[in-house]
Amino acid sequence: MSLLIQLRYRIRAIETIKKITHAMRLISMSARSRLKNKEEPLREYMKTSAQLVLHIKSHAPDWNNPIITPSRQSPHNPLVILIGSQRGLCGNFNTTLFNFFEKTVIKTHKPGEKIHVIPVGKKAVQHIDNNSLYTPIAQFPELTAKTLGSIANQILSLLLQRHPAFTDVVVFSNHLRTFFIQKPHETVLIPFAQTQETHNVDDTTYKEDYHWEQSPHDLLDQLGYQTLEVQLHYLLFESLLSEHAARFISMDNATRNAQNLLEDTQLQYNKLRQAKITKELTELVSNV
């Protein structure tokens, strides 16, 4: 009897877990669907902004900005932006990203070199706090759809106020290849020229000339900062989109596993219960 009671409690626990994982699966899909509608306009805005910078730069080839196009003769001062997930239960989303981040940082930085880091997302903040090799200059643990623009703007403000300026700014985040595949990705924001190559920007869109009230150098400074901000915004957006997709896949697998375990446990319970009933009937018949 005690084994039957244990199996009954186990079945109830599995049913409860299945309901929770199923609910989280639906929530993740709903959140991803809302974000997906904003992806194309944001990507197009980012691409158009970068193309406009290239177009104006053709009229001012000597343009240089100490923040987004630092001199190569400046002392090496790198910055790494690590974008993790806001919550857990998303499979190997963070593990794969952090392993890729650690391997890349070891290869590209000299031993003993101070590495400035800006972690974004609760899991990224925890990872950096547990490692004494990194020096966080800012932390953004709240990564949600409402805070994407604010985080991008605050990081840009840190870059503009930093003296001396960072010579290299690299972003490590998850790139959404397909709905079922999220891959860690390294994106160079600064120097700005490498960022243009990363996003395959060309200058074929703008055939006509415009009359600008400001000088090309002033325009390039403003548009350069704006382009950096929108590119950072898109990387944050893509990471959040990948997180919801990864959590949906993880919770979907958990729901399927719970269903299989529930069926096996119910079968075991029914067999044991039937065996007990048969035994009692046999004892009654033998006593008659």
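Each reported figure results from applying straightforward, stated rules to the coordinates on display, with no laboratory input. This one's a predicted model, so the numbers in the text were calculated from it and none came from an experiment. Glycine gets a Cβ as well: all are built from the backbone with ideal geometry, and neighbour counts include every protein chain shown.
Cβ crowding within 10 Å ranks 225, 234, 9 as 9, 225, 234, fewest other Cβ atoms first. The magnitude of the dipole of the range 25-249, with charges of +1 and -1 set on the Cβ of Lys/Arg and Asp/Glu and taken from the Cα centre, is near 1180 debye.
By the combined test of axial Cα extent (at least 15 Å) and Kyte-Doolittle hydropathy (mean at least 1.0), the qualifying DSSP H helices of the chain come to 148-161.
Restricting the calculation to alpha carbons of the range 1-137 gives Rg and Dmax of 23.7, 86 angstrom.
Sorting the segments 132-138, 118-124 by their residues' average number of neighbouring beta-carbon atoms within 10 angstrom, most packed first, yields 118-124, 132-138. Among 18-29, 272-283, the peptide with the highest mean count of other Cβ atoms within 10 Å heads the list, and the full ranking is 18-29, 272-283.
Please work out the Kirkwood hydrodynamic radius for the chain, using every pair of different C-alpha atoms, and report it in angstroms with one decimal place.
22.4 Å is the Kirkwood radius here.
Taking only the Cα atoms of the range 61-137, the ratio Rg/Rh comes out at 1.06, with Rh defined as the Kirkwood radius.
Neighbours of residue 217 by Cβ distance under 15 Å: Lys/Arg scored +1, Asp/Glu scored -1, total -3.
Counted residue by residue at 0.36 nm each, then reduced by the alpha carbon distance between them, the extension gain from residue 102 to residue 179 reaches 25.2 nm.
Quick check: residue separation of residue 218 and residue 43 times 0.36 nm, minus the Cα distance between them. What number comes out in nm?
60.5 nm is the gain from fully extending residue 218 to residue 43.
Comparing Cα centroids, the range 240-288 and the range 147-165 end up 53 angstrom apart. For the range 25-249, the share of DSSP beta bridges that are antiparallel, to the nearest 5, is 40%.
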